[in-house]
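Here the structure comes first, spelled out in structure tokens, and everything after it is commentary.
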Amino acid sequence: MAHQWRGVIREYFDRLDVTKDTPIITLGEGGTPLVEAPALAKLVGADRVLLKVEGMNPTGSFKDRGMTMAVSKAVGHGAKAVICASTGNTSASAAAYAAAAGIKSVVLIPEGKIALGKLSQAVAHKAQILQVQGNFDDCLILARDLAENYAVHLVNSVNPDRIEGQKTGAFEVVEALGFAPDLHVLPVGNAGNYSAYFKGYLEDFNAGTIKQVPKMWGYQAEGSAPFTVGHPVANPETIATAIRIGNPASWDLAQSARECSDGRFGAVTDAEILWMHRFLSQEVGVFVEPSSATGAAGLFKASKAGEVPAGSTIVVTVTGHGLKDAAWALKDEAGNQIEPQSVSKNAAEVAERLGLA
Ligand code: F0G
């Protein structure tokens, strides 16, 4: 019988901050595919580009790797409720893992700014959902405040258990390739995932499994790019709602990861994000949410500036599934709604319409 993947805590038990007494709340997260993307490699002039497809996690994003840790530890501490601020994916994940654990979840989301697929998940998993009149950064302040003063356990990535779980993405990349990539590229919001991948690679380096840590390249949306402007942004704006964050929670961790890996932060426009979102769907065959295309969009921008080293092997984490924020796929390049044409049941007519006749 084929081996059944057991979720990141059981698969990496010895490399995570858990003990025999930690209850394991898992939905089978991790073990996601590392997909060869020759069309993207050609576009950016690299030897190989591979996508770490995190949309294949149980709730459709990378958050599940951290949430299995955070909720398991919360339950281990006797928590009866978890709370998070979220642009959507964290709330979907927290709600699902809380349901699996039989505890409550509370999610605070920025009013009107989360994608419908993600909201439907939080509702489906019976989270208590409140839309806050503010942005994500306001929601996080509120969530921290409530967790400090009331009986709810915070599961945002300021909780180190989240970063700990998410570092397993790097372990899987190294196992799949047999070595570390030259560059690892990913979208950045709070910079928790950027910091987590670096932590994973650093642990592999310290264990002697890899010879060098990849350069970590993190990309933000231009209207929401505190790392490129060098300070928090008060009113972040971008269509990439998952990363519409002005004051990254993991600021210091991320800065040190960038320095230690000789990496970089950059920004791309919403138009560049949407272009890459379409390219990944149409040329690579991987459907991601727009925010998730931000890393690949940054890599393409860097390649146009001649900054992608020839002969390199590059891994790009695509963070969330396309169905999370499907409305963008139903628009053409000019922004018009796409509707399939209606036809009769006549084969000759259908063939004609398809240009087969
Ligand atoms: N990509 C997606 C699809 C995300 O949902 C997020 C973050 C990121 C990238 C950025 O990751 O914050 O670790 O730098 N989403 C959070 C949420 C903020 O609430 O779901 P990060």
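The values are calculated or read from the model by the stated rules, or taken from the named source; none is laboratory data. None of the values given here were measured: they were computed from a predicted structure. Here the Cβ positions follow ideal geometry from the backbone for every residue, glycine too, while neighbour counts run over all protein chains shown.
Picking from residues in the stretch 151-164 that are among the β-branched types (Val, Ile, Thr) and buried (at least 23 other Cβ atoms within 10 Å of the Cβ), the one that is nearest to the chain's Cα centre (by Cα) is Ile163.
Take the conditions (1) closer than 18 Å to Glu54 by Cβ; (2) in contact with a Lys or Arg (Cβ under 9 Å, 6 or more places away or on another chain); (3) not aromatic (Phe, Trp, Tyr); Asn135 misses just one of them, which is (1).
Counting only helices (runs of 4 or more DSSP H) wholly contained in the stretch 267-357, the ones carrying 2 or more residues that are among the polar types (S, T, N, Q) occupy 294-304. Of the helices (runs of 4 or more DSSP H) entirely within the stretch 23-135, those holding at least 1 residues that are within 12 Å of the ligand (Cβ to nearest atom), crowded, with 23+ Cβ neighbours inside 10 Å and aliphatic (A, V, I, L, M) occupy 63-76, 89-101, 116-124.
Within the stretch 93-113, one or more residues are closer than 23 Å to Ala326 by Cα and among the basic types (Lys, Arg). Among residues of the stretch 194-222 being more than 16 Å from the ligand (Cβ to nearest atom) and part of a helix (DSSP H, G or I), the one that is surrounded by the most Cβ atoms within 10 Å (Cβ to Cβ) is Asp204. Of the residues making up the stretch 329-353, those that are in contact with a helix residue (DSSP H, G or I) (Cβ under 7 Å, 6 or more places away or on another chain) and surrounded by 10 or more Cβ atoms within 10 Å (Cβ to Cβ) are Ala329, Val343. Scan the stretch 141-150 and tell me whether some residue there is crowded, with 18+ Cβ neighbours inside 10 Å, touching a His at 6+ places or on another chain (Cβ under 9 Å) and assigned to a helix (DSSP H, G or I). Yes, the stretch 141-150 has at least one match.
Only one of the numbered conditions (1) modelled with pLDDT under 95; (2) closer than 23 Å to Thr168 by Cβ is violated by Ala310, and that is (2).
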